[in-house]
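First comes the structure, then the notes that go with it.
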Amino acid sequence: MSPYTVPESGVPRIRRNDHAALAPPAPGAWEPSLTVSVVVPARDCQAELDLLLAALAAQSYPDRLLEVIVVDDGSGPPLRVPAIAPSCTRVVPTRPGGWGIAWALDTAVALAEGDVIHRIDADIVPYREHVEAHMRWHHLADYLVVLGTLRFADVAAGLPAPPDVRDTVAAGHEDALFDLPSSVAHDWWEELVDRYDGFRNAPSSVLHRVHVGATASLPAELLRAAGGLDTSLVLAEDTELGYRLTQAGAVFVPDRAARSWHLGTPTAMRRGDEVRRYNSPFVADRIPYRRFLRIEGGRQWLVPYVEVLVDASTAGYESVAGTVDAALVSTLPDVRVTLTGPWDALDGGRRAPLDDPLLDLRLVRGRYAHDGRVGFAASAPATATPAPFRLVCPPGWSVAADTVDRLVRYAEEHDLGLLCVALDEDGGGVLSARLERTSSVARALRLVKDGEHVDDVIHETFGVEWLDGETWGFARLDPAVRPPRSSRNTEAAHWKALAVQRKVDGGRLRSRLAALEKEAATLRKEAAKGRRDTDRWRAKAEQWRAEAVRLRRERDLTVVRRAIRKADHLFRKRGEPPST
């Protein structure tokens, strides 16, 4: 049985990220009703801000449904609202206690009143239908993240005047604002979108990569559900938010109709290597999908890749400990275990230690209280967020060292929302473990209707598959059998050494394979040369045979001619007529 509550919902159901199921109206061919708050983080950029606000003043989306909140992140002199701007525009300072883009955006979101939050950077000049292109999607479903497109303008010659920007945008001639041939496309973003067919078939682990903050919009409720901005980040706040939006069940919609100019090239393009170097430790800690950043063993990360959930409320100490210990020595290093049970009932009052009715709970807590990879909870949260996967395993069952890794790889390969692993069956039904994809559970909770099972919605939107427990390394623990006396570090060292050996063996085999391929290529080359030589000698032999036939015929003809001449000579001596 699924432990989730079942809210009423009537929004459309999108399978994975295939937003082709939605049919947005053409700009100008519909009547909007949702309000939108455009939030702009800004610092020391009054000239660029003037152009952004001028373009926003000429938007096709109704001015009555639009507010603009510019957050001044410590400019000197302070930023101001220019003469040309949407009617509901304000500039506010960042709240005390922080700084940076994420802090500024968090300040704006707290003040925003719109149904939709639309972030736009201060150095953007949107086309006339930019906001409308975003908003037409949000009227169709309440869990979409819409991304606009950028083109980087060469502004070395200077910026246009705000009145010219307003008039040009209002007339729909935005391409004329800057020199198109010298501008640069957002190449890596465009290539990523094209590779996955408009992101309709993008794997779940890739979705967050398309979330570029320069122009992105989402429902305010979805942003709150994802946890808002991570204000501890100075850079990469958009990528990190994109990851958490994935775990909240969001669908990402890159819309090329939401066009905009970017004034100049961003820091990420001009100093890309430095930006990636700066971001790598913060991204590695927060985004488990970036597997290439988590290559070192023996590390603990802020966000685990897999949460293992074990119910310790009624099971015996040995059963719980066997299950937890097996999970912690997984070949997948970034695993965290959550133990559920009535932990608040374990007070410090006087008791008979050996006759304590809560003895097993106390032993479990005593075993793992100081293990940084084990947490305690009164009950299981609805999802494992921010971890992308959760393995729910009944106590008393162990997993093989590679079980968790294999399950996750299988789920990722097929982009499945839920793997149910059959362990045992009796009169009460099937006992199973389950690997849940966090984003699929979050999506299902948003879409499920009253009386409907959440697992059915997961199957409809992501897919569910049943597996055999024994095949995947699950085994029932036998309380009568003492576990082997090996520590977690010993197990980890064993598997790490085995992995290193396999890597060495693999390198040796690859070298041998390369040598064999080189040898085979040489043999193929020699064989080809042999075939050419054979063909050449065969042709010469045929030529010699023909020559021999010709010479033989000429020789035979010469003999006949000589005989005829000799006969003629004899005839002439006898006075007889020639033989011819």
Per the filter on the range 290-313, residues assigned to a loop (DSSP other than H, G, I, E, B), crowded, with 20+ Cβ neighbours inside 10 Å and of a type outside the set (Val, Ile, Thr) are Pro304, Tyr305, Ala312
Expected output for the range 273-294 (first residue more than 14 Å from Pro333 (Cβ to Cβ), partner of a type in the set (Asp, Glu), Cβ below 6 Å, 6+ apart or cross-chain) is Arg286/Glu240
Give the residues of the range 64-85 that are in contact with an Asp or Glu (Cβ under 6 Å, 6 or more places away or on another chain) and either surrounded by 20 or more Cβ atoms within 10 Å (Cβ to Cβ) or at pLDDT below 95 (or both), sorted by residue number.
-> Leu79
In the range 200-238, what count of residues is obtained for those that are over 13 Å from Trp189 (Cα atoms), out of contact with any Gly (no Cβ under 7 Å at 6 or more places or on another chain) and open to solvent by 20 Å² or more (accessible area, probe 1.4 Å)?
-> 12
Inside the range 234-257, the number of residues satisfying the requirement of being assigned to a loop (DSSP other than H, G, I, E, B) and either farther than 27 Å from Cys45 by Cα or in contact with a strand residue (DSSP E or B) (Cβ under 7 Å, 6 or more places away or on another chain) (or both) is 4
Evaluation of Trp188 against (1) open to solvent by 10 Å² or more (accessible area, probe 1.4 Å); (2) touching a residue at least 12 places away in the same chain (Cβ under 8 Å); (3) of a type in the set (Phe, Trp, Tyr) (one fails), failing number = (2)
Taking the stated definitions as given, is Ser398 hydroxyl-bearing (Ser, Thr, Tyr) and closer than 23 Å to Ala250 by Cβ?
-> no
Give me the pairs, please: first residue somewhere in the range 203-229 and within 15 Å of Thr385 (Cβ to Cβ), second residue anywhere and of a type in the set (D, E, K, R) and open to solvent by less than 10 Å² (accessible area, probe 1.4 Å), beta-carbon distance under 9 Å, and either six or more positions apart or on two chains.
-> Ser204/Arg437
Output for the range 342-376, where each listed residue is exposed (fewer than 13 other Cβ atoms within 10 Å of the Cβ) and either touching a Leu at 6+ places or on another chain (Cβ under 6 Å) or of a type in the set (Gly, Ala, Ser) (or both) | Ala345, Gly348, Gly349, Ala352, Gly366, Ala369, Gly372
Does the range 418-425 contain at least one residue that is more than 25 Å from Val324 (Cα to Cα), modelled with pLDDT of 95 or more and out of contact with any helix residue (DSSP H, G or I) (no Cβ under 7 Å at 6 or more places or on another chain)?
-> no
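Here's the yes/no breakdown for (1) open to solvent by 50 Å² or more (accessible area, probe 1.4 Å); (2) at pLDDT 95 or above; (3) within 24 Å of Ala220 (Cβ to Cβ); (4) touching an Asp or Glu at 6+ places or on another chain (Cβ under 9 Å):
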residue	(1), (2), (3), (4)
Ala21	yes, no, yes, no
Pro27	no, no, yes, yes
Val36	no, yes, yes, yes
Gln59	no, yes, yes, yes
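How many residues, within the range 266-289, are more than 14 Å from Leu233 (Cβ to Cβ), open to solvent by 50 Å² or more (accessible area, probe 1.4 Å) and assigned to a helix (DSSP H, G or I)?
8
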From the list Arg362, Arg350, Arg367, which one is outside any loop (DSSP other than H, G, I, E, B) and free of Cβ contacts under 8 Å to residues at least 24 places away in the same chain?
-> Arg362
List the pairs whose first member sits in the range 152-175 and is touching a residue at least 40 places away in the same chain (Cβ under 8 Å), whose second member is open to solvent by 80 Å² or more (accessible area, probe 1.4 Å) and part of a loop (DSSP other than H, G, I, E, B), and whose Cβ atoms are under 7 Å apart, counting only residues at least 6 apart or on separate chains?
-> Asp154/Asp179; Val169/Arg128; Ala170/Arg128; Gly172/Arg128; Glu174/Arg128
Yes or no: Arg259 modelled with pLDDT under 95 and touching a helix residue (DSSP H, G or I) at 6+ places or on another chain (Cβ under 7 Å)?
-> no
Any residue in the range 60-75 that's under 9 Å from Val40 (Cα atoms) and among the small types (Gly, Ala, Ser): show its pairings with residues that are open to solvent by less than 10 Å² (accessible area, probe 1.4 Å) and at pLDDT 95 or above at Cβ separation under 7 Å, as long as the two are six or more apart or on different chains.
-> none
Which of the residues that make up the range 168-220 are in a helix (DSSP H, G or I) and either of a type in the set (Lys, Arg) or farther than 30 Å from Tyr289 by Cα (or both)?
-> Thr168, Val169, Ala170, Ala171, Glu174, Asp175, Ala176, Leu177, Arg195, Arg209
Screening Tyr127, Tyr143 for residues that are touching a Lys or Arg at 6+ places or on another chain (Cβ under 9 Å), open to solvent by less than 40 Å² (accessible area, probe 1.4 Å) and within 11 Å of Pro219 (Cβ to Cβ) leaves only Tyr143
Is the range 101-111 home to any residue that is assigned to a loop (DSSP other than H, G, I, E, B) and surrounded by fewer than 21 Cβ atoms within 10 Å (Cβ to Cβ)?
-> no
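The values are calculated or read from the model by the stated rules, or taken from the named source; none is laboratory data. Quick caveat, the model's predicted, so the values are computed rather than measured. Here the Cβ is made from the backbone with ideal geometry for all residues, glycine too, and neighbour counts use every protein chain on show. Surface areas here come from the heavy atoms of the whole protein model, side chains and all, with no ligands, DNA or RNA. Shrake-Rupley method; radii C 1.70, N 1.55, O 1.52, S 1.80 Å.
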